[in-house]
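The values are calculated or read from the model by the stated rules, or taken from the named source; none is laboratory data. Keep in mind it's a predicted model, so treat the numbers as computed, not measured. Virtual Cβ from ideal backbone geometry, glycine too; neighbours counted across all protein chains shown.
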Amino acid sequence: MMKLIANTLSRIVISICFCTLSSCHTYTTFYNTTVSSIDTVLPKRTHRVDLSHKGLTQLPNALLDLPSIKMLNLSANRGLNLHDAFLTLKHPEKLRVLILDSLNINQLPKSILRFKNLKQLSLGYNPKLNLEATFQLIRNLPITFLNLKGNQINKLPQSVTQLQSIRDFNLSYNHIADSLSYAYLGQLPKLYSLWLDHNELSSLPASIGAIKKARFLYIDHNKLTTLPKEISNMAVWVIHAGYNKFKEFPVVFINMKKLLMIHINNNAISSFPEAYTSNKFTFKGLLLDNNPISEKERQRIKAFCKGFFLLSFQQKQYFVK
């Protein structure tokens, strides 16, 4: 039994390290070498094609006959008719990753449904995008990664709950403080990683406790000073809470029974609550870099964090005041 527990912990730690290093932006790494020039005849085994920022109004002929395109990036081609472009691809069932950032689109064409095996969809930096219509349209596609970064979102429509296959949801660089939005996210049964960084959040609603499936939570680069007690209902393994405005280490982490690692660097933390010396907690990794913690307080923290696989107090730059 002890060996099984150790092996499970090892796998979780490896997963933590991988997601920390890669930021879980999987669409940037899948399917081998990326081709970005279409001036020459492309190899039949071309899988990744990046045609972003090309000023396209239609897809080049060299692309259309490729039998196995798995990743296609069409970002920032604002003159491109997406409906026609999607219809011209001869093997839509092969596509797994579609990147449509910075296109200034209001809605997706129905022809996106041709990509019946689509796993990852990026729609970042399209602030005019109609989310209600988008979620209704893509609800039956097997999308596991959805990127809505930088879309000036204030609230999510209830139709987001229809995205039942979503595992990784990037909502960075928005303004989502609405309580119902978090309640809706809690209805996504497979949600694994959730990005809420750079959302200008000064607080989190109690409804964040409804998001019980997520294992990785990114709430860094906000304006948080406290966390709601309801966050302890989450089964999170890793929390990224760096670059906020915490002055004291949150006591609520004691009650998060699945928590293994906390990134809370670059805050204004100078002390830990006394509760940490008298209560058990589950996390075994802690990044406290660039916080104004005195040497005396560091020694106190080290005493009740003995045996951690990671404990860091490095001062690489000035801490956030």
Study note, to complete from the structure: Considering residues that are farther than 15 Å from ASN73 by Cα, among the hydrophobic types (A, V, I, L, M, F, W, C) and crowded, with 19+ Cβ neighbours inside 10 Å, the number found within the range 123-134 is 1
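The rows are residues; the columns are (1) at pLDDT 95 or above; (2) outside the structural domain of ALA214 (by TED's automatic domain parsing); (3) in contact with an Asp or Glu (Cβ under 9 Å, 6 or more places away or on another chain).
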| residue | (1), (2), (3) |
| --- | --- |
| HIS240 | yes, no, yes |
| GLU248 | yes, no, no |
| LYS258 | yes, no, no |
| ASN266 | yes, no, yes |
| SER278 | no, no, no |
| PHE319 | no, no, yes |
**Study point:** Lone unmet requirement of (1) in contact (Cβ under 8 Å) with a residue 40 or more places away in the chain; (2) aliphatic (A, V, I, L, M); (3) under 30 Å from GLY124 (Cα atoms) for ILE264
**Key:** (1)
Check your understanding: So which of ASP197, ASP220 is out of contact with any helix residue (DSSP H, G or I) (no Cβ under 7 Å at 6 or more places or on another chain) and closer than 20 Å to SER122 by Cα?
Key -> ASP197
Exercise for review: Might you let me know whether the range 248-259 holds any residue that is without any contact (Cβ under 8 Å) to a residue 12 or more places away in the chain and either closer than 19 Å to LYS306 by Cα or of a type in the set (Gly, Ala, Ser) (or both)?
Suggested key: no
Check your understanding: How about the range 63-87: which of its residues are over 15 Å from GLN120 (Cβ atoms) and at pLDDT 95 or above?
Key -> ALA76, ASN77, ARG78, GLY79, LEU80, ASN81, LEU82, HIS83, ASP84, ALA85, PHE86, LEU87
Check your understanding: Which condition breaks for GLY150 when tested against (1) among the small types (Gly, Ala, Ser); (2) more than 18 Å from the chain's Cα centre (by Cα); (3) closer than 27 Å to ASN104 by Cβ?
Key -> (2)
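Looking at TYR218, TYR182, which one is more than 26 Å from LEU98 (Cβ to Cβ), aromatic (Phe, Trp, Tyr) and within 17 Å of the chain's Cα centre (by Cα)? Give the steps one after another, and end with the answer.
Values: TYR218 fails: more than 26 Å from LEU98 (Cβ to Cβ).
Criteria check complete, one pass: TYR182.
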Revision key, fill the gap. Scanning the range 80-105 residue by residue, those polar (S, T, N, Q) and over 22 Å from THR144 (Cα atoms) turn out to be ASN81, THR88, ASN104
Review point. Given the structure, is LEU98 at pLDDT below 95 and either assigned by TED's automatic domain parsing to the domain that holds LEU188 or buried (at least 20 other Cβ atoms within 10 Å of the Cβ) (or both)?
Key: no
